[in-house]
Ligand SMILES: Nc1ncnc2c1ncn2[C@@H]1O[C@H](COP(=O)(O)OP(=O)(O)OP(=O)(O)O)[C@@H](O)[C@H]1O
Ligand SMILES: [Mg+2]
């Protein structure tokens, strides 16, 4: 596992205010965000963050407004300097980087997509897409081909000579994504990249991102406050609250085993049938059950199985992966998994 | 006899004040007092304890005219050393003004007017504006104000150009550094609120009235403020998100300045240039008091020798010039705005 970790955050703290070091000692002594603010006027932005972000996968950071998501993602390219802790990218601590090396990291190894698009209004779509090349001092002729390729790929054929203000929000964000892709960096940071778009376009963009990911397998760090979006995109889900990590792991796992009432409240409202997969609910076995209703794929959603069973809860299904049986799904388990545990149960159980 | 005798008597300062010389008139009020009859002092007539009033009671206290004379002497004393520094620094200004004046007048009208129309076209890309410029200059030439108009224009061009040359970098420095901004704002406030007549005074002493840089400096000091302020404002108003994106993609601060901040601040900077040009025009009229040539001289003649017709016509000429300059710079501004919006 550890050899395909791309970004690794270790014991990261960020405190906003006049004297962060002194405040840090108080936090080490156990003071919480609210107390710290009341007593010293310092804002605890991040509190002892430890995350390993897998290479080639999408890590989604989720949390309510003010939980520190933007602060965290800005530490990954040092737009914000931490109060304490380390950030490793490709095994190197970027806090040791000098200015020049840091700029190279930002130019070549990481790109970023912003909530409000943040395109250069006085440059054309093509020039915006080629921004990272321009920064390296390359001419328009040098990047035109690459930039056009990515603009076409995100669905902006023939718009290269427009100015950003002439495009709709959704199209502007496509330019934002093309700009990130044209830099050919392995890592893409996306801070609420789709939050400013209306729901239909948002779904389109999510599908576009999933498609691109299947093709390119970049290391994506995606921020959102929307659980549906998080579950749709995430390979690794991190839930933040008041600057600390409440729970992280595989999304299905978090959904089925929420660690804390905060997360239970979070996951309580979603359509579980559409999100949960057969593999998370099945029993691992190679025996054939009785009353077999049919075969299902391990990656099917429970919704598909319910449709298949036509509501008959007595049946059992054989779970297949690559043509081989890997388990059995009892409809009874499926139905049970659809009902979230009541808030507080986890705390009582744990 | 004097009003404040009691003060010095009671404080025991009589000795320090020295003997009353008695003779001689020492101040204006003495003179006035002599003219009228000696009257009984009432509370109603008690003067403010000013320098002159206190001097009446105590000779050691200086009179107010000593103060002004002291200031004058002080200024004259440092004048020479000040000149050593300021003179060479400002010499290029004199030179630029002299040459601009010479060129604009030496070029024949049938070259100058089409040239100005061409410039207007280049800046504004509007046929109507070019026609307006042609009409105004033709009218001014028709009523024999051509030379004066060209002189005024030459001075405005040179001074506004120098204002932009100095003002934009100052504005940038202010936008990038809060301390610079804090220390410059009071100076800008002062330059903007001081009536121009006031800073003409020390300038007259510093330079001879025959040197063009005298009015050049006066105009620049007066007109540079808006371009500085609006450059500062424009750069500070640049969208924070765009700046963050520039950082996130690894721009150097130089690339950020020239590739993002200045282009995005350009509408504001151009608005500043427009105001700077308008203020140069206002000041070049006043500067005719200190030998600036141009339409202002005609206004002055109107006032001095009560030639109503000349005064009115030259006033009209200034209005026309103001309209042209304003329209042309606004057209440039509109073009920049349109480029960024569309
Ligand atoms: N520059 C700053 N100075 C002081 N406090 C800050 C600063 N930046 C962020 N904070 C505080 O840090 C906390 C986390 O902010 P952050 O912007 O990271 O939240 P977020 O999770 O991105 O929220 P949102 O969903 O609203 O974007 C907030 O309490 C915020 O007030
Ligand atoms: Mg945020």
Can you pull the three principal axis extents for the Cα set of the range A:80-224, in Å, largest first? 44, 36, 28
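Can you divide the C-alpha Rg of the range A:24-165 by 2.2 N^0.38 Å and report the result to two decimal places?
Values: Rg = 19.3 Å, N = 142, 2.2 N^0.38 = 14.5 Å.
Cα Rg divided by the expected 2.2 N^0.38 Å: 1.34.
Mind checking the alpha-carbon convex hull of the range A:121-177 and giving the volume per residue in Å³? Walk me through the numbers on the way to the answer.
On the way: hull volume 4.0 nm³, N = 57.
Once divided by residue count, the hull of the range A:121-177 is 70 Å³.
Give the average, rounded to an integer, of partner chain Cβ atoms located within 10 angstrom of each Cβ in A:114-123.
Details: counts 5, 1, 6, 3, 10, 4, 8, 9, 8, 3.
Partner Cβ neighbours, averaged per residue: 6.
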How high is the relative contact order of chain A? Use alpha-carbon pairs under 8 Å, at least six apart in sequence, and give a whole percent. 17 percent
Label the range B:37-196 by shape, choosing from rounded, prolate and oblate, from the square roots a ≥ b ≥ c of the eigenvalues of the Cα gyration tensor; if a/c is under 1.5 it is rounded, and otherwise prolate applies when a/b is larger than b/c, oblate when it is not. prolate
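Suppose only helical runs count, i.e. DSSP H with n ≥ 4. What mean residue ellipticity at 222 nm does that imply for chain B under -39500 (n - 2.57) per run, divided by all residues and rounded to the nearest 500 deg cm²/dmol?
Numbers: 16 runs with 266 residues, N = 342.
The per-residue figure over chain B is -26000 deg cm²/dmol.
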Roughly how compact is the range B:110-167, stated as its Cα Rg over 2.2 N^0.38 Å to two decimals? 1.22
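Can you compute the helix-only [θ] at 222 nm over chain A? Use -39500 (n - 2.57) per DSSP H run of at least 4 residues, normalise by all residues, nearest 500 deg cm²/dmol. Present the calculation step by step, with values, prior to reporting the outcome.
On the way: 17 runs with 136 residues, N = 350.
Value at 222 nm, helices only: -10500 deg cm²/dmol.
Once the convex hull of the C-alpha atoms of the range A:1-57 is built, how many Å³ does it hold per residue, rounded to a whole number?
Working: hull volume 5.3 nm³, N = 57.
Here the figure is 93 Å³ per residue.
What average count of beta carbons from other chains do you get within 10 Å of the Cβ of residues in A:175-181?
Working: counts 0, 1, 0, 0, 2, 2, 0.
Mean partner-chain Cβ count within 10 Å for A:175-181: 1.
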Evaluate peptide B:252-262: per residue, the Cβ atoms of other protein chains within 10 Å of its Cβ; return the mean as an integer. 2
With axes computed from alpha carbons, what is the tilt in degrees of helix B:196-206 against the longest principal axis of chain B, rounded to the nearest 10 within 0 to 90? 80 degrees
When the Cα centres of the range A:91-118 and the range B:151-204 are compared, how far apart do they sit, in Å? 40 Å
Using only the alpha-carbon atoms, how far is helix A:169-182 inclined from the longest principal axis of chain A? Give it as 0 to 90 degrees, nearest 10. 80 degrees
Distance in nm between pseudo-label sites at residue A:37 and residue A:92 (7 Å out along the Cβ direction from Cα): 3.8 nm
Where only alpha carbons of the range B:152-206 are counted, the Rg and the Dmax (Å): 13.8, 38
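Translational diffusion coefficient, Stokes-Einstein: compute it for the range A:56-117 using the Kirkwood radius over C-alpha pairs as Rh, at 25 °C and 0.890 mPa s, and state it as an integer in µm² s⁻¹.
Working: Rh = 13.0 Å.
In µm²/s, the coefficient rounds to 189.
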Taking the Cα centroid of the range A:1-71 and of the range B:75-109, what is the distance between the two, rounded to the nearest whole Å? 62 Å
Taking only the alpha-carbon positions of the range A:193-350 as identical scatterers, the Debye log10 I(q)/I(0) at q = 0.13 Å⁻¹ comes out as -0.72
To the nearest 10 degrees, the tilt of helix B:262-286 (Cα long axis) against the first principal axis of the alpha carbons of chain B is 50 degrees
Could you tell me, in Å, what Rg and Dmax come out for the Cα atoms of the range B:219-316? 20.9, 68
Two-decimal ratio, the range A:272-337, of alpha-carbon radius of gyration to 2.2 N^0.38 Å: 0.95
Rg (one decimal) and Dmax (whole number) from the Cα set of the range A:188-252, in Å, equal 12.0, 35
If I take all pairs of Cα atoms in chain A, what percentage of them are more than 30 Å from each other? 46 percent
Which log10 I(q)/I(0) values, to two decimals, does the range A:143-233 give at q = 0.18, 0.24, 0.25, 0.26 Å⁻¹ under the Debye formula with one point per Cα? -0.81, -1.41, -1.50, -1.58
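Over chain B, what relative contact order in percent results from Cα pairs under 8 Å that are six or more residues apart? Kindly include the intermediate steps, with their values, before the conclusion.
On the way: 340 pairs, mean separation 59.2, N = 342.
Worked out over chain B, it gives 17 percent.
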Sorted largest first, the Cα spans of the range A:166-213 on the principal axes come out in Å as 28, 24, 18
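How many percent of the alpha carbon pairs in chain B exceed a separation of 30 Å?
Numbers: 31897 of 58311 pairs.
Here the tail beyond 30 Å accounts for 55 percent of pairs.
Which value in Å does the Kirkwood hydrodynamic radius of the protein assembly as shown take, with 1/r averaged over all unlike C-alpha pairs and then inverted? Walk me through the numbers on the way to the answer.
Numbers: mean 1/r = 0.0306 Å⁻¹.
One over the average 1/r among Cα pairs gives 32.7 Å for the protein assembly as shown.
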Over the range B:70-137, what number does the Rg to Rh ratio reach, with both radii from the alpha-carbon atoms and Rh per Kirkwood? 1.34
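Just so you know, all these numbers are worked out from the coordinates, no wet-lab data involved. No experiment lies behind these values; they were computed from the predicted model shown. Note that we place each Cβ from the backbone using ideal geometry, even for glycine, and neighbour counts take in every protein chain shown.
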